[in-house]
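Heads up, the thing below is written out as structure tokens.
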Amino acid sequence: MCKDDLPCSIIGADVSTWPKDSLLNVPTWLIESILKFKTTLDLFLANDFEQMTQSIDSLRSEEIREFYSKHALWAFKTRASDKPTENKTLQKLRMPSLRIRNEVFVRDGYVCQYCTLPVVNTRVFHEFSKSVGIETFSSEKSDTKANGVVLGFSATIDHVDPFSSGGDSDLNNLVTTCWGCNFGKLNYSIDNLGINDPRNFPKKVNFTWNGLVDYIPRLKTSRPK
């Protein structure tokens with residue numbers, strides 16, 4: 001059973017059935033949502049603003065937000081077997097450089113290595129928000145204001161061996177994750193969470209995906225003057 005009466009709807013109540021290659025089970029409709037967002041960008045670039053607005057309204061933003069909240073807030077609390085260890089004398093630089101982060105994203109095909117969600121370079125969300133206006137699509141750093149797509153699919157970096165317990169910030173210890181898995185793993189080890197090492201079983205998607213980075217210059221040049 002899940003510990004402390006935490007919700008089990010996303011991985012089930014039977015511990016023996018919990019996935020070993022991911023933190024949580026990802027529903028099919030969630031992946032479909034990011035493909036619909038790609039269509040939304042195409043409609044904007046085609047100047048079809050009426051269809052674009054309808055497409056934004058159909059992104060299931062609130063459902064994604066709900067899944068993100070459970071993913072972020074409950075994954076480690078449900079799965080962790082013990083408290084994480086911490087090394088309070090660390091003097092290393094935690095955040096890898098932009099160059100290294102981009103190298104990790106490309107290496108991993110912009111796919112979350114803990115749940116297989118295709119993720120998006122955050123600059124895409126920011127440029128789109130600037131183009132259509134924050135009232136139409138928000139990329140704010142707020143769990144309540146940002147569109148659910150931003151919360152669910154923003155690309156970030158995770159230290160597989162937690163930085164807080166001595167893990168390095170080099171390519172061999174970094175993997176691409178969605179925001180939800182990054183928060184959901186927190187500073188726990190993969191052993192503590194009972195999941196396989198994602199570096200041994202790289203995640204991929206069954207379609208071509210590059211984090212929508214090719215949209216960044218197109219969004220900039222198509223922005224209203």
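The values are calculated or read from the model by the stated rules, or taken from the named source; none is laboratory data. Note that this is a predicted model, so its numbers are computed, not measured. Note that we place each Cβ from the backbone using ideal geometry, even for glycine, and neighbour counts take in every protein chain shown.
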Checked region 174-225 for anything in a helix (DSSP H, G or I) and either without any contact (Cβ under 8 Å) to a residue 12 or more places away in the chain or farther than 25 Å from residue 81 by Cα (or both); matches are 191, 215, 216, 217, 218, 219, 220, 221, 222
Looking only at residues in region 50-65 that are in a helix (DSSP H, G or I) and free of Cβ contacts under 8 Å to residues at least 60 places away in the same chain, which one is surrounded by the most Cβ atoms within 10 Å (Cβ to Cβ)?
55
Looking only at region 155-186, how many residues end up being surrounded by fewer than 22 Cβ atoms within 10 Å (Cβ to Cβ) and either in contact with a His (Cβ under 7 Å, 6 or more places away or on another chain) or hydroxyl-bearing (Ser, Thr, Tyr) (or both)?
6
I'd like to check something: does region 118-127 contain any residue that is of a type outside the set (Phe, Trp, Tyr), surrounded by 17 or more Cβ atoms within 10 Å (Cβ to Cβ), touching a Gly at 6+ places or on another chain (Cβ under 6 Å) and at pLDDT 95 or above?
yes
So, in region 9-45, how many residues would count as being over 16 Å from residue 79 (Cα atoms) and part of a helix (DSSP H, G or I)?
18
Only one of (1) buried (at least 18 other Cβ atoms within 10 Å of the Cβ); (2) of a type in the set (A, V, I, L, M, F, W, C); (3) modelled with pLDDT of 95 or more does not apply to residue 193, and that is (3)
Within region 124-139, which residues are charged (D, E, K, R) and either in contact (Cβ under 8 Å) with a residue 24 or more places away in the chain or in contact with a strand residue (DSSP E or B) (Cβ under 6 Å, 6 or more places away or on another chain) (or both)?
127, 130
Considering residues of region 107-123 that are in contact (Cβ under 8 Å) with a residue 40 or more places away in the chain and β-branched (Val, Ile, Thr) only, the residue nearest to residue 20 (Cα to Cα):
116
Every listed condition ((1) touching a residue at least 12 places away in the same chain (Cβ under 8 Å); (2) within 15 Å of the chain's Cα centre (by Cα); (3) within 17 Å of residue 68 (Cα to Cα)) holds for residue 159 save (3)
Taking only region 12-43 into account, find how many residues are among the hydrophobic types (A, V, I, L, M, F, W, C) and out of contact with any Leu (no Cβ under 8 Å at 6 or more places or on another chain).
7
Of the residues in region 152-187, how many are in contact with a helix residue (DSSP H, G or I) (Cβ under 9 Å, 6 or more places away or on another chain) and on the phi > 0 side of the Ramachandran plot?
1
